[in-house]
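Worksheet: the structure to be examined is printed underneath.
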Amino acid sequence: MRSVLPWTPLAFAAAFVFVPDAWGDGEGSSPPDPPRPSGSIESGYWSGSRNLDDRDNLWVTRFAGKLDSRVTDYFRFHLEARVWNQNSMSGAQTSHGEFRELWFNLELDESTEIRAGKQLVTWGRADGLNPTDLINPKDLTRLVSEESDQKLGTWLLGGTRYFGHLSITGLWITDFEPSVFPLPPLASGAALARELPDHRAAQGALKVETTGGRLDASISYFDGYDHLPDLTFSGSTITLFFPRIRVVGADAAGNLGRFGARAEASYTFQDKSVGGPLPPRRNVLSVVAGADRSFFEYLNVNVQYLGRYVPGFKDPDGISDSTTREFAHLRALLIQEQARIQNGMSARVSYKWLHETLETEVRGVTWFKGGDYLLSPRASYALSDFVKVSLGADFYNGPARSILGFQERNSLGFAELKYGF
Amino acid sequence: MKSKILPALALGAALFLPGSASAEAPDPVEIMTKNFFVSKVSGSSQTVTMVLTTGSGETRVRKTTGYTKLQKNGRDNTQVVRFLSPPDVKNVANLLIQHSDRDDDIWIYLPALKKVRKIVASNKKDSFVGSDFSYGDVIGPKVEDWNHKLLKEGTVDGAKVYIIESTPKNEDVRSSSGYSKVNYAIRQDCHATVKADYWDLGGRPFKTITYSDLKEVDPVHHKWLAMKVQAKNLQTQHRTDLIFDSYKLDPGLKDDYFSTRYLEKEQ
């Protein structure tokens, strides 16, 4: 049964809404801003799905709306909702809607603010791959051209205290939603079950950050549930569950001459009490570090090293029972633990043309051991100030038992038209 | 990614002004120094419309709001610029902290990612947000980096001007600015630039920037601002018009406005 806990942050915020003097609305305050709506309507063709199935030729239409308002100098709210419809050539149709964000922000004084409600929280300074960004789940099957649009809101109550360039942020996460992820087709006769955590509101995070000087950096701690599943099995039933993790993270960004340098790392302490026929979970060190540089005015190149270190890693091939071994391989893909040390790299090359109305980009990720890779070219052209057309593709390749190779069926191309307002 | 080029629209204020009047100042370095400081108001807030027009007449419009604050050294500005439109860049915001003695510090807020990112300062010759202004045009050249020669005195739109020829002092300045020569027309009464002609590194006429609708925005300190500025590329016929829709001298802006925390406050 769903508890009322997710709504606690909103109730908290409401208490301030109905106490007008709470904001010190006195001399020097500005009149309220009327709500400012904005948003976009997109429609596009996708050659396939991101769900490791054989669905192809999909049409997706999406409406995204935002509403922002500053009620007083100290109080504002933000709402973002999305509705979309997906059609396949075969006539199958699905429609969805969601509140992606719905929060209130209250400034208690010049150095302290509280934000309550459903929120997107982005942590980590690496480019695109952020091992410390653990607050929000993602829908990895969603057909959107920008990866950031796969992120889903989380109910939480957060507070930040500023001390000049330094700040301390604390989050109480009051709900848990798992990420939506692609699963390979199951063998016939197999059943899939899903176990959500019992204590969803027992999650929190803390971050100490410095920004505004020569070096931006932070250290963070997260104690909560992994949004991506682990698995166990019994007979022909596979059970997905979401283990407790405790993650210590750090990041830094600064400029070295013409280079912008970034690094981010996390160390994940796993819940080793998880039982079952598969080996216990192992702690993981994840590292992303790299730099970007611009050439010829509009060409930007960004390269990063990716590393994962799993002390005590046990190769699934060492498991004698064939059924257990197969499940262990599937699990290794899900939790991305395929070797004691995994090295890889990511790269992003972008160029802007025609006074920045045409933007082109190629992104790539590869893991050296398996040789698996993802290549994602993108191009978008602004037909006017309000209408933009985008083309793109994702090419996955590699061995079937590699992190990116097993997603080969998710390779696709797309064309989208977007109207913004 | 909407990246690093946007920084200094508010700075527009800085570039496009003249200084306190002086009667006769035949020393070109002195003229250029006065011209440099005429742009340095203690603080300001403004909204700006930028219209980009192609040679065939197609236009794109960008609107921004921003704040500037002069640092204690009296030379360098700190500024915040937030895009109001078009929709795909709405709420993209920049914080720029200028440094005379080293590269500027720049942060950009990307609303799609909900992220503030520290970025590398652009090359001076790079285009400013895809416009016909270079980043160097917007932040203004350092007087000491250029050789200045008084070519003649003349008249522009009825105002007496000095025509000053500026050439780079060394190859670094030449290559980083992208200009082999600049001719400035500077008003004799207030030392505001009213026109600047640029030549590219090959010595060919490159672009012209004209400054109009001059206003004395700080009568106490005799600071002036051109409310309309147009940059025209003579080689492509592409042009950019910068129009100050509103401008307010605002020396009392709180330091909070010039922080990465402020960048994240979407409007």
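The values are calculated or read from the model by the stated rules, or taken from the named source; none is laboratory data. This structure is a prediction, so every number in the text was calculated from the model and none was measured. Note: ideal-geometry Cβ built from the backbone for every residue, glycine included; neighbour counts use all protein chains shown.
Suppose we keep only residues that are polar (S, T, N, Q) and outside any strand (DSSP E or B) within the stretch B:141-175. Which one would you say is nearest to the chain's Cα centre (by Cα)?
The qualifying residue nearest to the chain's Cα centre (by Cα) is B:175.
Residues checked against (1) in contact with a strand residue (DSSP E or B) (Cβ under 6 Å, 6 or more places away or on another chain); (2) of a type outside the set (Gly, Ala, Ser):
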{"site": "B:206", "(1), (2)": "yes, yes"}
{"site": "B:219", "(1), (2)": "no, yes"}
{"site": "B:239", "(1), (2)": "yes, yes"}
{"site": "B:246", "(1), (2)": "yes, no"}
{"site": "B:257", "(1), (2)": "yes, yes"}
- Output for the stretch A:363-393, where each listed residue is assigned to a loop (DSSP other than H, G, I, E, B) and within 12 Å of chain B (Cβ to nearest Cβ): A:383, A:384, A:385, A:386
- Pick out the one residue from A:160, A:210, A:112 that is closer than 30 Å to residue A:259 by Cα and β-branched (Val, Ile, Thr). A:210
- Item | Number of the condition not met by residue A:88 [criteria: (1) of a type outside the set (A, V, I, L, M, F, W, C); (2) surrounded by fewer than 16 Cβ atoms within 10 Å (Cβ to Cβ); (3) in contact with a His (Cβ under 8 Å, 6 or more places away or on another chain)] | (3)
- Message: Can you tell me how many residues within the stretch B:189-208 are in contact with an Asp or Glu (Cβ under 8 Å, 6 or more places away or on another chain) and either of a type in the set (Lys, Arg) or crowded, with 18+ Cβ neighbours inside 10 Å (or both)?
- Response: 4
- residue A:360 within 14 Å of chain B (Cβ to nearest Cβ), buried (at least 16 other Cβ atoms within 10 Å of the Cβ), touching a Phe, Trp or Tyr at 6+ places or on another chain (Cβ under 7 Å) and not in a helix (DSSP H, G or I): yes
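Scan A:125, A:161, A:115 and give me the residue that is within 14 Å of chain B (Cβ to nearest Cβ), closer than 27 Å to residue A:246 by Cα and surrounded by fewer than 18 Cβ atoms within 10 Å (Cβ to Cβ).
Step by step, each of A:125, A:161, A:115 is checked, and only A:161 is within 14 Å of chain B (Cβ to nearest Cβ), closer than 27 Å to residue A:246 by Cα and surrounded by fewer than 18 Cβ atoms within 10 Å (Cβ to Cβ).
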- Answer yes or no: is there a residue in the stretch B:33-46 that is out of contact with any helix residue (DSSP H, G or I) (no Cβ under 8 Å at 6 or more places or on another chain), among the hydrophobic types (A, V, I, L, M, F, W, C) and surrounded by 21 or more Cβ atoms within 10 Å (Cβ to Cβ). yes
- Query: Inside the stretch A:28-70, can you point out the residues that are in a loop (DSSP other than H, G, I, E, B) and either at pLDDT 90 or above or of a type in the set (Lys, Arg) (or both)?
  - Reply: A:49, A:50, A:51, A:52, A:55
- Query: Which of the residues belonging to the stretch A:399-416 are in a loop (DSSP other than H, G, I, E, B), of a type outside the set (A, V, I, L, M, F, W, C) and closer than 20 Å to residue A:144 by Cα?
  - Reply: A:411
